[in-house]
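Chemist: This is the structure I want to talk about, given as structure tokens.
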Amino acid sequence: MTAETRKPRKILAVADAGDGRIALESALALADTHGAAVEVMACVEPPHDLSILSRLSGEDPDRLIADAVEHTYAEVRSRLSSIAPNRQIDISVAVGKAYLEIIRHVARSGCDFVIKTAEPLSGMDRFLFASTDQHLLRKCPCPVWLQTPSASRRPLRILAAVDLDTADAAEPQTLTDLNRRVIDAACAIAEAPNAEVVVLHAWEAMGEGMIWAFSGRGNARMSADKYVNEILDVRQAAMDRFLAQLRNEIGPRPRLVPRLARGTPETVIHAQSRQVGADVVVMGTVARTGLSGVFIGNTAENIINSLECPVLAVKPEGFVSPLLRG
């Protein structure tokens, strides 16, 4: 990758409460690739029934929290020592809502990449990105890579979802920048020599129904087919231009594979992630109002919650977390 490509400089690995290693191992592997620094943090959320626990145990509430912090720190230190015994890495344990503390740490520390193990929703047998993860996807200012326990530390096939319909965008430069950020993030984690980035664009022929409605019976099919093919040609040309620029700036690695699929982003990204066997899906999760066809609010969450693989979410240029606004 060239110097123009954004690479992580300081990675925050969020250690979970169990004995999971995927976030720590992925962070260390990514840091080694890019010469980035690594920080590790864990969070202790005070239970709602802390006063009851204090009364029944006879311990001061602050003492109970202090014990939990000490225990968590020792667990994370032990786990990290078993993974990277010869590395000195800063570990911090925050007290409070996990997503709040993670975002505040990112703002204070200058971390520009977060890696965390995805949390399963209660009662579900697969990982659907529960409350803390959803908050991070919406509000964390830097890229967030949500890994699953069985995922690859060094993904081989990365699906990068972009929207190339800049002609229909109210803010085309914002959309163009977001597309590039998605590709930069995908290239950053494509560490293995044989890794490839599948660049996916979901497209639709919105006017096909109108052609069927207003064309004569004799030529409706021909007119509709011509319209759809022209739309496809436009999107193919946009993909060709986009990849040509990327290859010129990025070079031959990772390999970029174009993929156009007709349908809404919600259906296409889910289906294509399964079809190509994606190890991770990279996508934009927040865009300014007015952009057509990108991932805003519930659309992004619907896509993410339909995936069966890890997700790496990025924000557009100029995004400011609502939790950090003065």
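Chemist: Please find, within the stretch 140-179, the residue that is farthest from ILE231 (Cα to Cα) out of those that are part of a loop (DSSP other than H, G, I, E, B) and out of contact with any strand residue (DSSP E or B) (no Cβ under 9 Å at 6 or more places or on another chain).
Modeler: Within the stretch 140-179, the match that is farthest from ILE231 (Cα to Cα) is SER150.
Chemist: Quick check on my filter: what residues within the stretch 161-186 are under 13 Å from the mean Cα position of the chain (by Cα) and more than 10 Å from GLY284 (Cβ to Cβ)?
Modeler: ILE183, ASP184, ALA186
Table: residues versus (1) more than 30 Å from GLN245 (Cβ to Cβ); (2) buried (at least 16 other Cβ atoms within 10 Å of the Cβ).
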| residue | (1), (2) |
| --- | --- |
| SER26 | no, yes |
| ASP32 | no, no |
| GLY35 | no, no |
| VAL38 | yes, yes |
| PRO46 | yes, no |
| LEU50 | yes, no |
| ASP60 | yes, no |
| SER82 | yes, no |
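Chemist: Could you tell me which numbered condition TRP212 fails, if it satisfies all but one of (1) at pLDDT below 90; (2) outside any helix (DSSP H, G or I)?
Modeler: Going through the list (1) at pLDDT below 90; (2) outside any helix (DSSP H, G or I), TRP212 breaks only (2).
Chemist: Taking the conditions exactly as written (in the same structural domain as ASP16 (by TED's automatic domain parsing), under 19 Å from ALA31 (Cα atoms), among the charged types (D, E, K, R) and at pLDDT below 95), does ARG87 satisfy them or not?
Modeler: yes
Chemist: I need a count of the residues in the stretch 274-303 that are within 20 Å of GLU204 (Cα to Cα), touching a helix residue (DSSP H, G or I) at 6+ places or on another chain (Cβ under 8 Å) and at pLDDT below 55.
Modeler: 6
Chemist: Is it true that PRO120 is assigned to a loop (DSSP other than H, G, I, E, B), modelled with pLDDT of 90 or more and not β-branched (Val, Ile, Thr)?
Modeler: The answer is no for PRO120.
Chemist: Looking at (1) under 19 Å from PRO310 (Cα atoms); (2) assigned to a helix (DSSP H, G or I), which is the one condition that is false for GLU101?
Modeler: (1)
Chemist: So the check is Cβ under 6 Å with 6+ separation or different chains; which pairs have a first residue in the stretch 265-276 that's within 14 Å of ILE158 (Cα to Cα) and a second one that's assigned to a helix (DSSP H, G or I) and of a type outside the set (Phe, Trp, Tyr)?
Modeler: Once the first residue is within 14 Å of ILE158 (Cα to Cα) and sits in the stretch 265-276, its partners that are assigned to a helix (DSSP H, G or I) and of a type outside the set (Phe, Trp, Tyr) give ILE269/ILE303; HIS270/SER306.
Chemist: List the residue pairs whose Cβ atoms are under 6 Å apart, where the first residue sits in the stretch 19-41 and is farther than 20 Å from GLU101 by Cα and modelled with pLDDT of 95 or more, the second is of a type in the set (A, V, I, L, M, F, W, C) and assigned to a loop (DSSP other than H, G, I, E, B), and the two are 6 or more positions apart or on different chains.
Modeler: LEU28/ALA84
The values are calculated or read from the model by the stated rules, or taken from the named source; none is laboratory data. All figures in this text were calculated on a predicted structure; none of them were measured in a lab. Here Cβ is always computed from backbone atoms with ideal geometry, including for glycine, and neighbour counts include all displayed protein chains.
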